[in-house]
Amino acid sequence: MPEYFASNYCISFMDLLGQRDAFRGQGLLPTIDSGVDGQAIDRVLRETIGPTLQLQQDVEDMMKTISEDQDSSSRTFLPEAQRGIYDELKLKRVKTQYWSDGFIRFVCLGDQEIKCPLNGIAEIFQFSGYFCLLGLARRHPVRGAIDMAWGVELPCSGLYGPVVANAYELESNVAQYPRIVVGQLVVDFLEAHLANTRDTHDPFMMANHLWAGLCRDMLLKDVDGCWIVHYLGNAFQFSVTHTNHRFYYDKARAFVVEQREAHRKSNNEKLMTRYGQLLNYLDTHPAET
């Protein structure tokens, strides 16, 4: 048996909602001479495959944007002796793994070359919150979870282990509606780094402290006691959505209001309640005019 290394990971587990309902009743593709309207088939494909392709393209575009935003121009102004430290402070490895109509992003906390693991974790927070807000604005909502546990990266199937299972459990059973639930282990990890101020001359410790602070500022305790990524907060707007925040907010709120009303008319009390909770979150944290 080949030797594989188990390590602790931080992971975000993201799921595109509504696909199971869209596939309900689907079977084999009709034959050409069956008389089935070809446009009807095209419409089904657009309403099912389309959102998944769009999500994957958005993920690729966002990763490219993040890569391009890694501005290293300030490195040239540093003394030669400090450039190595700068490179180590900036280094992170956030990996992406697609599955069906969702994806995961993860960082290995045991990577000895990464001196600032909180840098990658902050990107996971930013990425997941952005896609939760973007999904509402695009009218194809997603929900997700961020958690920590051990796992193993297998050569064919990718990340495997309780870190994936635990994050999936949070996403499917706790999140319930479009939001990003954050596990208690993640919160404890952030608090531990925030409390670690024993050596203010260590640049890596201080950088982890600052990244942990940013992540903590992007957290909010929801009405049910769950920690969630606060994608409507000032810290998130400052670091992610910037001047586009109001545009995303208005689009998202219009969709949520529409969904709550549609589920009210169809007497779907469960979804009406969940979208009502989401609307309450949006109205409690309105975008500035």
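None of the figures in this text is laboratory data; all of them are computed from the coordinates on show. Please read these numbers as outputs of a predicted model, since none were measured by experiment. Note: ideal-geometry Cβ built from the backbone for every residue, glycine included; neighbour counts use all protein chains shown.
The table that follows gives values for the structure above.
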read-out: Relative contact order (%) - criterion: Cα under 8 Å, at least six apart; region: region 213-289; value: 26 percent
read-out: Space enclosed by the convex hull of the alpha-carbon atoms of region 177-240, per residue, Å³; value: 90 Å³
read-out: 11 Å beta-carbon shell around CYS108, net charge (K/R +1, D/E -1); value: 0
read-out: Tensor-based shape of region 160-209 (alpha-carbon gyration tensor, a/c under 1.5 rounded, otherwise prolate or oblate); value: prolate
read-out: Lys, Arg +1 and Asp, Glu -1 on Cβ, resulting dipole of region 161-289 about Cα centre, debye, nearest 20; value: 460 debye
read-out: Of CYS108, CYS226, CYS132, the one that fluctuates the most in a GNM where the chain has Cα springs shorter than 10 Å; value: CYS226
read-out: Cα shape, region 139-289, gyration tensor, a/c 1.5 rule; value: oblate
read-out: Listed residue (MET14, HIS201, LEU118) projecting farthest to the positive dipole end of the chain, Cβ model; value: MET14
read-out: 25 Å Cα-Cα threshold exceeded, pairs from LYS95/LYS115; LYS90/LYS221; LYS64/LYS92; LYS92/LYS251; value: LYS90/LYS221; LYS92/LYS251
read-out: For the chain, with +1 on Lys and Arg beta carbons and -1 on Asp and Glu, the positive-most of VAL94, ASN234, HIS263 along the dipole; value: HIS263
read-out: Charge sum, other residues only, whose C-beta stays under 12 Å from LEU185's C-beta, Lys/Arg counted +1 and Asp/Glu -1; value: -3
read-out: With Cα atoms, 0 to 90° folded angle of helix 38-68 axis to the chain main axis; value: 10 degrees
read-out: GNM result for the chain, Cα springs below 10 Å: residue of GLN19, GLN259, GLN112 fluctuating most strongly; value: GLN112
read-out: Dipole magnitude (debye, nearest 20) for region 230-289, charges at Cβ of Lys, Arg, Asp, Glu; value: 200 debye
read-out: Counted charge near CYS215, where neighbours are those whose Cβ lies closer than 13 Å (Asp, Glu -1; Lys, Arg +1); value: -3
read-out: Using alpha-carbon coordinates, inclination of helix 117-137 to the longest axis of the chain, degrees; value: 20 degrees
read-out: Taking the chain and dividing mean pair separation by its residue count, relative contact order in percent (alpha carbons under 8 Å, at least six apart); value: 21 percent
read-out: Net charge dipole size for the chain [Lys, Arg +1 and Asp, Glu -1 on Cβ; Debye, nearest 20]; value: 640 debye
read-out: Mean separation of Cα contacts under 8 Å, 6 or more apart, over the residue count of region 117-256: relative contact order %; value: 31 percent
read-out: Label corresponding to Rg and Dmax of the Cα atoms in Å when calculated from the structure given, among [x] 18.9, 58; [y] 21.0, 75; [z] 24.4, 79; value: [y]
read-out: C-alpha long axis of helix 269-284 to longest principal axis of the chain, angle in °; value: 40 degrees
